[in-house]
Amino acid sequence: MTRLAVVESLCDRQPVSLDELNAAASLQTRIDRKYVVGEQQAADVLRSLPGPVRVLETLGKRAFAYESVYFDTPALDSYFLAAHNRRRRYKIRTRTYVDSSLCFLEVKTEGARAATVKDRIPYQLQDTHRITREGLAYIRETLRAAVGSVPSSPLVPVIETAYDRITLFLPASCSRATVDLGVAWRRPGGAAMVLTGALILETKSGAAASALDRHLWAHGIRPTRISKFATGMAALNPALPANRWHRTLSRHLTLQAQSASA
């Protein structure tokens, strides 16, 4: 019922189309601030958010299913770069927009002043769990330009994520935010852990905080150190070093095991 409350808290907001959203706030380079918020508290905060807010809508739908597959080397180079907070870290994933059957290969790196930079190319649905020759060439080209080096070992799928996403557009700041519901992490072909009773809210803006950030802070909600890739890896494999996400895992996330067949 609380998940429904989150959806209902935004039902009176005006819609925005994907073309309008991308034209006004594509934000492939941006500052991300992430929050883990209880579903009922999130519904209350979103309902009381002042000023104009528009909700991405396509064919009458406002919540869309996302699936991602993250890739790493057998030695987990990408994970350990994140775990040790290295400056030139990166993430490699395929992202599938389930409702529209669109897929992309994405490379995320960190730019100036901790800004997230996302580069991507269209990808075939049948290749979501593998890196093609063309995909590998794109990854190497992107990483050479962004971080100056490329992985020397093969890239293999290490973790999958799935959730339903609502996307918000804040016209006053030309920024956007996402609300991710029912977040689940799964080893490829294995058991999953599902986030219960809470959602992940992420603001994506320029250097200045958005009106939503300030609204969250006014309600005592502060950013949480969480990465769907790295925090999920640590949750599924407690043997991995997780100092950067220990507080998040122990205080903010309630995870429930889900069978591989669920």
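For the chain, calculate the relative contact order in percent as a whole number, restricting contacts to Cα pairs under 8 Å that are 6 or more residues apart.
Details: 505 pairs, mean separation 61.8, N = 262.
In percent, rounded to a whole number, it is 24.
With respect to the chain, whose longest principal axis is taken over its alpha-carbon atoms, helix 133-146 is tilted by about 70°.
Between A23, A235, A198, the Gaussian network model of the chain with springs among Cα atoms under 10 angstrom shows the greatest mean-square fluctuation at A23. Among the protein heavy atoms, those of F104 account for about 40 Å² of accessible surface (1.4 Å probe, every chain in place).
What shape does segment 124-259 take by its C-alpha gyration tensor, where a ≥ b ≥ c are the square roots of the eigenvalues and a/c under 1.5 counts as rounded, a/b above b/c as prolate, and the rest as oblate? Please report the intermediate quantities before stating the final value.
Values: a/c = 1.80, a/b = 1.24, b/c = 1.45.
Because a/c hits 1.5 or more and a/b fails to exceed b/c, segment 124-259 counts as oblate.
What's the percent breakdown of Cα-Cα distances in segment 1-155 across 5 Å bins, shortest bin first? Reading upward from the zero bin: 2, 8, 13, 17, 17, 15, 13, 9, 6, 1, 0.
Full extension of the segment from R86 to W217, taken as 0.36 nm per residue of separation minus the current Cα-Cα distance, would add 44.4 nm.
Convex hull volume per residue, computed on the Cα atoms of the chain, equals 131 Å³. When +1 charges are put on Lys and Arg Cβ atoms and -1 charges on Asp and Glu Cβ atoms, the dipole computed for segment 121-262 relative to its Cα centre reaches about 360 debye. Relative contact order, whole percent, for segment 70-180 stands at 25, derived from Cα pairs under 8 Å and 6 or more residues apart.
In segment 10-95, what is the volume of the convex hull around the alpha carbon atoms, normalised per residue and reported in Å³? Provide the component values of the computation, followed by the final result.
Numbers: hull volume 14.0 nm³, N = 86.
Expressed per residue, the convex hull around the Cα atoms of segment 10-95 is 163 Å³.
For segment 178-235, report the % of Cα-Cα distances exceeding 17 Å. Roughly 49 percent, once rounded to a whole number.
Accessible area of the chain with a 1.4 Å probe: how many percent of it is carbon plus sulfur? If you can, show how the numbers build up before the last one.
Working: 6530 of 12560 Å².
That fraction is 52 percent.
Counting only DSSP H runs of at least 4 residues, each contributing -39500 (n - 2.57), and dividing by the residue count of the chain, the helix-based mean residue ellipticity at 222 nm comes to -6500 deg cm²/dmol.
Calculate the length of the line joining the C-alpha centroid of segment 84-156 to that of segment 214-230, in whole Å. Centre-to-centre (Cα) distance: 25 Å.
Rounded to the nearest whole Hz, the Karplus-based 3J(HN,Hα) values (6.51 cos²θ - 1.76 cosθ + 1.60, θ = phi - 60°) of segment 64-71 follow the sequence 10, 7, 10, 9, 10, 10, 9, 10, with x at glycine and proline. Applying 1/(1 + (r/R0)^6) with R0 = 45 Å to the Cβ-Cβ distance of S48 and A115, what FRET efficiency is obtained, to the nearest 0.05? So, using R0 = 45 Å, E works out to roughly 0.95. When the alpha carbon coordinates of segment 74-142 are projected onto the principal axes, the ranges are 34, 27, 22 Å, largest first.
Choose one answer from Y90, Y138, Y79: the residue with the largest mean-square fluctuation in a GNM of the chain with alpha-carbon springs under 10 Å. So, out of Y90, Y138, Y79, the one fluctuating most is Y138. Our summary gives segment 145-197 a relative contact order of 31 percent, counting only alpha carbon pairs under 8 angstrom and 6 or more residues apart.
The values are calculated or read from the model by the stated rules, or taken from the named source; none is laboratory data. Here the structure is a predicted model, which means the values were calculated and not measured. Every residue, glycine among them, receives a Cβ derived from its backbone with ideal geometry; neighbour counts consider all protein chains shown. What goes into the accessible areas is simple: the full protein's heavy atoms, side chains included, and nothing from ligands, DNA or RNA. Shrake-Rupley method; radii C 1.70, N 1.55, O 1.52, S 1.80 Å.
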